[in-house]
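Trainee: Dropping the structure in here first, questions after.
Just so it is clear, none of the values below were taken in a lab; they were calculated from the coordinates. Small disclaimer: the values here were computed from a predicted structure and weren't measured. Backbone-built Cβ (ideal geometry, glycine too); neighbour counts: all protein chains shown.
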Amino acid sequence: MIVITAPTSQIGQQVLDNLYDSKETIRIIVRDQSRLSPRLLERVEVVQGSHADMDILTRAFKGAESVFWLVPPNPRAENIMSHYENFTRPACEAFKEQGVKRVIGVSSLGYDFGKNAGLLSSAFAMDDLIKSTDVNYRSLRMPFFMENLLHQVYSLKNQGMFIMANSADRKLATCATRDIADVAAKLLLDDAWTGQESVSVIGPDDLSPNDMAATISRVLGQPVRYLQVSGTDYKETMMQYRTSEAWAQGVVDMAAAQNQGIYDNEALVAQRTPTSFMQWCEEVLKPTFIA
């Protein structure tokens, strides 16, 4: 039995797709099952509710051998660390009570950074909580998600630019969510691994925002530029779209950590996943842009 949390997320849906043809029994925890296709719903057992709810987790994890664990983002959360802990603490209790054997969690590169890294620090705290249970654990550690740029399609289309607080010429390791889902699905189907380790999921390209803009321009066939703004201005922009001050500050602090090289040491030695930024732009960003 495999349990999938956050099955309507970008990563969770792709994990489900990858598991669809397997022989494993699959159970999902979902608030709104109407967001999943009838095809997927026919394949899975559904526990409806939040995976921050201990009663829901107890039901969902009963008889489970492996769990895909993802804390969903909440841009309106008033405390980021509490948001992660409020999901993960009851899960840790349920892992132990229900005898879950293996957990695969979505975290971040840079665990040993040693300084505040905004949203990423909360992911590292999640790792520590799960590891404290002694469950067999694989922490999937990723850099900059290519899918982050999908939030800026409006700006790309109407202003010919995208905006972040990252240094314009500072290269970032990148990854596509499809590759994260592929690694996660393979681990979920493998019942041989034990212990607690991290698994880096890093695409083939290290790119600065200016590099990304050049690639996007080639793929879209029109000029796109990157605009670096101050952390203060970026925070204010996010808050205009009803992002909480705490979450906006977490994004700004994450960008500052990225500017300081939080991903660099692990990215140097990690094996690389297949999806290039160019491929992702052609197969994901461009169709979204056109639509």
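Trainee: Placing unit charges on C-beta atoms (Lys and Arg positive, Asp and Glu negative, everything else neutral), compute the dipole magnitude of the stretch 158-223 about its Cα centre in debye, rounded to 20.
Mentor: 320 debye
Trainee: Calculate, in nm to one decimal, what Thr237 and Ala214 gain on full extension: separation in residues at 0.36 nm each, minus their alpha carbon distance.
Mentor: Gain in length upon complete extension: 5.9 nm.
Trainee: Same structure again: Shape verdict for the stretch 141-192, please, from the Cα gyration tensor: rounded (a/c under 1.5), prolate (a/b greater than b/c) or oblate.
Mentor: Since a/c reaches 1.5 but b/c is at least a/b, the shape of the stretch 141-192 is classed as oblate.
Trainee: Compute the acute angle (0 to 90°) between the alpha-carbon long axis of helix 231-240 and the principal axis of greatest extent of the alpha-carbon atoms of the chain; round to the nearest 10°.
Mentor: Taking the Cα atoms of the chain, the angle to 231-240 is about 70 degrees.
Trainee: Would you pull out the residues with amide H under 5 Å of Gly203's amide H, same chain only if 5 or more places away, H placed 1.01 Å from N?
Mentor: Thr174, Cys175, Ala176, Thr273
Trainee: Skipping prolines and chain starts, which residues have an amide H placed within reach, meaning under 5 Å, of the one on Ser244, given they are 5 or more residues away or on another chain?
Mentor: Under 5 Å from the amide H of Ser244: Arg76, Ala77.
Trainee: Calculated FRET efficiency, Thr288 and Lys186, Cβ-Cβ r, R0 22 Å, to nearest 0.05?
Mentor: The value I calculate is 0.25.
Trainee: Grab the Cα-Cα distance for Ser22 and Lys96, subtract it from 0.36 nm times how many residues apart they are, and report the gain in nm with one decimal.
Mentor: Gain on stretching Ser22 to Lys96: 24.0 nm.
Trainee: Which residue fluctuates most in the GNM of the chain (Cα springs below 10 Å): Thr88, Thr215, Thr174?
Mentor: Answer for the Gaussian network model of the chain: Thr215.
Trainee: Expressed as an acute angle from 0 to 90° and rounded to the nearest 10, what is the orientation of the C-alpha long axis of helix 119-131 relative to the principal long axis of the chain?
Mentor: Value to nearest ten degrees: 20.
Trainee: For the stretch 171-280, which chymotrypsin sites (Phe, Trp or Tyr not before Pro) are both in a DSSP coil and crowded by at most 15 other Cβ atoms within 10 Å?
Mentor: Filter output for the stretch 171-280: Trp193, Tyr241.
Trainee: Would you calculate, for the chain, the mean residue ellipticity at 222 nm contributed by helices, counting each DSSP H stretch of 4 or more residues as -39,500 (n - 2.57) and dividing by all residues, to the nearest 500?
Mentor: Using -39500 (n - 2.57) per qualifying helix, the result is -13000 deg cm²/dmol.
Trainee: Further, regarding this structure: Suppose the chain between Gln260 and Ser82 were pulled fully straight at 0.36 nm per residue; how much longer would it get relative to their current alpha carbon spacing?
Mentor: Extra length available between Gln260 and Ser82 comes to 61.5 nm.
Trainee: Which angle from 0 to 90°, rounded to the nearest 10, does the C-alpha axis of helix 245-259 make with the longest principal axis of the chain?
Mentor: That helix lies at roughly 70 degrees to the long axis.
Trainee: Something else now. Among DSSP beta bridges whose residues both lie in the chain, state the antiparallel percentage, nearest 5.
Mentor: 5 percent
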